Structures are given as C-alpha cells and as structure tokens.
Amino acid sequence: MRIDYPATTRAILSLTEGESDEVALMATVACELHHADDRFDWTGFYRVTGPETLKIGPYQGGHGCLVIPFSRGVCGAAARLGEVQIVDDVDAFPGHIACAASTRSEIVLPVRDRAGRLIGVLDIDSDRPAAFGAADAAGLEGILRAVFGRL
C-alpha cells in the first residue's frame, strides 16, 4: 500500500485541529504516516533540544537512537543543512548512524514552526532500498507545513 498524500493530509489535519502542543502533533503525525504506507519501517521525529542536538521524539517502529548531533547521520544532515535528505542506500551515506539493522533507505525532512525555527526532523526509514523519491518529499513537506507551520 502506498500513501495517498492528499487523503493522509486531510486525516492528519482533522485529527490535529486546534492542537498546539508539538509533542502531541508529532505523535499523531508519526502514527498516521507509519500506518499509511507499507514502505515505512520506522517513522518518527527527532526534536531539537539544545544547541546542535536532536533527541528522540514520538515514533512508530522499533527503538530509535536517543541522541543525534547535527554533525552525524542523515538526521543530523537534514537539521544542519535545513534540507530534505533522501538516501537510497544508507550504507553508502558517510557517517550514517545505524539505529536499526533493517534500514536500507531513508528520507529525513526538517520541521519548522511558523516563524521558521527548526523544531526537529521527521525521519522515515524503509527496509527497502531506494524507497523514497521527490513525490514523497513534496507530500511530506506539505503535511509538515500544514501541521507545524501554524505553531
């Protein structure tokens, strides 16, 4: 099953209407996304908790890494550069942090509030190689803007 981004966006916006707590929003988004696409093996957020530091936030799937510095891994690169990271083969990504041995590919997107402040990253891992593309980046960016851009 592949995610229907417009329908998933509508569902998430309906579920989160009136909510302003970042953690509650992250939990709902992670749950809805994780169950919307069978490519998604791990779906969750890492929150900015200090200078150049990400810590695990709400997620679905197996255990994640607890702390990721901006200087390491795909999540760190997304936070540091402020750009979507699509990695077709995590073993080929310099400095990849292997939180789960099953991960073959990954997409990570910066999460910003209405003021443009980086509040975290959305990390989605797949147990399939080259699972993500530009359509996923666009669909996920739209969801993140709609949910967190109102904070």
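The values are calculated or read from the model by the stated rules, or taken from the named source; none is laboratory data. These figures come from a predicted structure and were not determined experimentally. FYI the Cβ positions are ideal-geometry reconstructions off the backbone, even for glycines, and counts take in every protein chain you see.
Details
- Residue count for the stretch 99-151 under the criterion of being crowded, with 21+ Cβ neighbours inside 10 Å, touching an Asp or Glu at 6+ places or on another chain (Cβ under 6 Å) and either of a type in the set (Ser, Thr, Tyr) or part of a loop (DSSP other than H, G, I, E, B) (or both): the result is 3.
- Some residue of the stretch 4-23 being of a type outside the set (Phe, Trp, Tyr) and closer than 25 Å to Ser71 by Cα: yes
- Scanning the stretch 60-86 for residues that are in a strand (DSSP E or B) and free of Cβ contacts under 8 Å to residues at least 40 places away in the same chain yields Gln60, Val67, Ile68, Pro69, Gln85.
- Qualifying residue in the stretch 19-33 (condition: of a type in the set (A, V, I, L, M, F, W, C), closer than 19 Å to Thr103 by Cβ and buried (at least 21 other Cβ atoms within 10 Å of the Cβ)): yes
- For the stretch 80-91, the candidate set comprises residues that are of a type in the set (A, V, I, L, M, F, W, C) and surrounded by 16 or more Cβ atoms within 10 Å (Cβ to Cβ); within that set, the residue that is modelled with the lowest pLDDT is Val90.
- Just one of the numbered conditions (1) crowded, with 17+ Cβ neighbours inside 10 Å; (2) modelled with pLDDT of 95 or more; (3) of a type outside the set (D, E, K, R) is not true of Pro51: (1).
- Conditions (1) crowded, with 16+ Cβ neighbours inside 10 Å; (2) modelled with pLDDT under 95; number of the one not met by Pro94: (1)
- For the stretch 100-140, a residue qualifies if it is small (Gly, Ala, Ser), at pLDDT 95 or above and touching a strand residue (DSSP E or B) at 6+ places or on another chain (Cβ under 9 Å), and the qualifying residues are Ser105, Gly120, Ser126, Ala130, Ala131, Gly133, Ala134, Ala137.
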